[in-house]
Amino acid sequence: MGLAPLQRFPRTADVADMLLALETDGALIVDGMFDTQTIEVMRAAADARAAKVVPGSATQGLGDDGAAFVGANTIRFSSLGRLSTAYFDMLDNPVFAALADAVLLPTCGSYWVNTGQVMYIGPGEPAQVLHRDANNWWEFVSRTWPDSPEVTLSAMIGLEGVTEELGATRVVPGSHKNAEIQRFGEADSVPAELGPGDALIYSGYVFHGGGANRTDRWRRAMHLSFVAGWLTPEESSPLDYTTDELADRSPRVRQLLGHKSYDPRPHPGGGLWLKDVKALEDA
């Protein structure tokens, strides 16, 4: 008998029910979290950019080891707000905001984008190694695990239909609670199949990885994640956009992209990401 699939919710579901599923399984799927028009615009922009990107050229900043992790026949790129303003609309998504607030704000005054990244898995690409995203901040996690607070929350978003055969992300349910170091395989995982605009939401501590693409088509999806404001994000978003370019965006978008300072309150500590010893918005 196979493993039970991840729990699925409509975007109108009670956030408390979604959070319970996240606590139980380490992941859940929100159907239609992003509207069709936004996804169509984002997919068109991503397709145009992907046509100019060499598969396997991403390295995760870690040379040969990073290149193996991101895939030899996988196209990855970020700086998505440079491609389409639909990206900024996605950052303002109310469901993802409610989930991220509930998960991250108990441990930080605010959070910012970890990365917004297109991930197109090509035909014949083998399954990615199962891993935990929170290990990006190993210096912190290794000293606090298994009592580590959540420091990152991620979404894998379908830009079109994503099936198991196409390489749907695989998740090991409950592995975010596993305090022992162990290896998980495909038999321990379930695929997160998505329609356009559906989102797999998952904990930074749950084991997961891109599935094998056993078709002759590309898997079109994108990743969007947030990280606690006192940690260094994967993507250098503040370098991509000027203050003037974000002037018409919401305060949330400006915060997420590093154009507001970090205020630790209600937690103790001083402000971070300052200019002339003042908050960016006051400098």
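Values in this text are rule-based calculations from the coordinates and carry no lab data. Keep in mind that what you see is a predicted model, and the values were worked out from it rather than measured. Glycine gets a Cβ as well: all are built from the backbone with ideal geometry, and neighbour counts include every protein chain shown.
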### Calculated P(r) of the chain - Cα pairs past 25 Å, %
45 percent
### Task
Using 0.36 nm per residue of separation minus the Cα-Cα distance, give me the extension gain between Asn135 and Arg265 in nm, one decimal.
44.2 nm
### Query
Can you work out ³J(HN,Hα) from phi for every residue in the range 41-53, in order, using Karplus 6.51 cos²θ - 1.76 cosθ + 1.60 and θ = phi - 60°, giving whole Hz and x for Gly and Pro?
5, 5, 5, 4, 5, 5, 4, 5, 6, 4, 5, 9, 9
### Query
For a label point 7 angstrom out from the Cα of Arg82 toward its Cβ, which stretches of the range 231-251 have the backbone nitrogen within less than 19 Å?
233-247
### Message
7 Å from Cα along Cα→Cβ at both Glu186 and Ser142: what's the point-to-point distance in nm?
### Response
3.1 nm
### Task
At a Cα cut-off below 22 Å, give the lysines reachable from Lys278, other chains included and same-chain residues fewer than 8 away excluded.
Lys260
### Task
Pop the C-beta distance of Lys177 and Ala4 into the FRET formula with R0 = 22 Å and round what comes out to the nearest 0.05.
0.85
### Summary
Residue-ordered couplings for the range 190-202, obtained by feeding phi - 60° into the Karplus form 6.51 cos²θ - 1.76 cosθ + 1.60 and rounding to whole Hz (Gly and Pro as x), are 10, x, 9, 6, 10, x, x, x, 6, 9, 8, 9, 8
### Query
Which shape class applies to the range 113-158: rounded if a/c is under 1.5, otherwise prolate when a/b exceeds b/c and oblate if not, where a ≥ b ≥ c are the square roots of the Cα gyration tensor eigenvalues?
prolate
### Query
Taking θ as phi - 60°, what are the ³J(HN,Hα) couplings along the range 273-283 by the Karplus curve (6.51, -1.76, 1.60), each to the nearest whole Hz, with x for Gly and Pro?
6, 9, 10, 6, 6, 9, 4, 3, 6, 10, 6
### Task
For the range 176-231, just say rounded, prolate or oblate: build the C-alpha gyration tensor, square-root its eigenvalues into a ≥ b ≥ c, call rounded for a/c under 1.5, and beyond that prolate if a/b exceeds b/c, oblate if not.
oblate
### Query
Does the range 81-190 come out rounded, prolate or oblate by the C-alpha gyration tensor, with a ≥ b ≥ c the root eigenvalues, rounded set by a/c under 1.5 and, if not, prolate when a/b is larger than b/c and oblate if not?
oblate
#### Entry: the range 189-244-the range 96-116 distance, computed between alpha-carbon centres (Å)
15 Å
### Query
Using 1/(1 + (r/R0)^6) with R0 = 22 angstrom and r between the beta carbons of Glu164 and Ala51, what's the FRET efficiency to the nearest 0.05?
0.25
### Task
Tell me what the chain gives for mean residue ellipticity at 222 nm when only DSSP H runs of n ≥ 4 count, each as -39,500 (n - 2.57), the sum divided by the residue total, rounded to 500 deg cm²/dmol.
-6500 deg cm²/dmol
### Message
If each residue of separation counts as 0.36 nm, what is the full-extension length gain between Asp64 and Ala247 once their alpha-carbon separation is subtracted?
### Response
62.0 nm
### Task
Would you list, by chain and number, the aspartates and glutamates whose Cα falls below 12 Å from the Cα of Lys177, excluding same-chain residues fewer than 8 positions away?
Glu23, Asp25, Asp147, Glu150
### Range in the chain, longest, excluding exposed trypsin sites (Lys or Arg not before Pro) [loop by DSSP; at most 16 other beta-carbon atoms within 10 Å]
53-182
### Query
When Lys and Arg each count +1 and Asp and Glu each count -1, what net charge do the other residues less than 15 Å away from Asp25, Cβ to Cβ, add up to?
0
